[in-house]
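Have a look at the structure below, then the notes.
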Amino acid sequence: MSRITSKLESLKQSGRKALIPFITAGDPNPAFTVPAMHAMVKAGADIIELGVPFSDPMADGPVIQRASERALVHKMSLRKVLGMVKEFRQTDDSTPVVLMGYLNPVEALGYRHFAEKAREAGVDGALTVDMPPEESSDYLSILEEAGIDPIFLLAPNSTPERIAKMGQLGRGYLYYVSLKGVTGASHLNLGDVEQKIKEIRQFTQLPIEVGFGVKNAETAAAVAKLGDGVVVGSALVGKIEAAGDNAAFALQEIIALLGSMRSSLDA
């Protein structure tokens, strides 16, 4: 059983919902990332999604696009991100870590080499945004051999056929994109989210974590009632951006936001 599955099953048994924060590795600088990961765990994070900076993050809105740009100024790469996970694992062997990013850096490294290095670093899951399930058989088999959970995105317009396919191929959890558009978009309709999650549950037993549009504790609590947990990204990355070079203030801000979300989820 993977760390992801073990964590989510434990949360389910205790009647709690998952809190999954996302930050971009290397933003605003490489020295910030590992301390931020530890701080998020202390603030109540159950799983960490770590973004791999990419020059053309097509699924991301302006906030996370700028985070990638800031990270790339520091020559961040997939290899360096894996090094950060390895450093994190020196003192945290229990919190699942999911790499979220795009296929190009993985292909440049090579599927098998990536999987081997990710396993060695302590990566638990890979969410490769632009890897279509119809073309993923080689990639998924290599991830499976390495014990890394492939995680897929589902959208409001995902068809029953695609939901069933993702549910069959995915491991760990499914990430439901709660609204159309890029990360950081707004106009979250809870009624629509509830209806779609009911549809998804007809095709899979995997936990469903809901992201895009989760900006504060109130929204997190409302969304978590519908799924198995929430993913919060742009709201955290926006705090980091606003803090500029003040790393201590950035940590305070993301800890405060996650702490308020944790309290709301557990209320």
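The values are calculated or read from the model by the stated rules, or taken from the named source; none is laboratory data. Predicted model only: the values in this text are computed from it and were never measured. Note that each Cβ is placed from the backbone with ideal geometry, even for glycine, and that neighbours are counted across all protein chains shown.
Values for this structure:
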quantity: Failed item, numbered, when Y102 is tested on (1) surrounded by 16 or more Cβ atoms within 10 Å (Cβ to Cβ); (2) free of Cβ contacts under 8 Å to residues at least 24 places away in the same chain; (3) hydroxyl-bearing (S, T, Y); calculated: (2)
quantity: Residue list for segment 117-143, restricted to those being part of a helix (DSSP H, G or I), at pLDDT 90 or above and surrounded by fewer than 22 Cβ atoms within 10 Å (Cβ to Cβ); calculated: K117, R119, E120, A121, S137, D138, Y139, L140, S141, I142
quantity: Contacts under 6 angstrom Cβ, first residue in segment 120-142 being on the phi > 0 side of the Ramachandran plot, partner of a type outside the set (K, R) and surrounded by fewer than 19 Cβ atoms within 10 Å (Cβ to Cβ), 6 or more apart; calculated: none
quantity: Within segment 144-181, considering residues that are over 14 Å from the mean Cα position of the chain (by Cα) and among the basic types (K, R), the one surrounded by the fewest Cβ atoms within 10 Å (Cβ to Cβ); calculated: K180
quantity: Flag if S2 is over 18 Å from V237 (Cβ atoms), free of Cβ contacts under 8 Å to residues at least 24 places away in the same chain and of a type outside the set (D, E); calculated: no
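For every residue, the table says whether it meets (1) part of a helix (DSSP H, G or I); (2) closer than 21 Å to K215 by Cβ.
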| residue | (1), (2) |
| --- | --- |
| L11 | yes, no |
| T33 | yes, no |
| A36 | yes, yes |
| L50 | no, yes |
| F54 | no, no |
| S68 | yes, yes |
| M76 | no, no |
| R79 | yes, no |
| S94 | no, no |
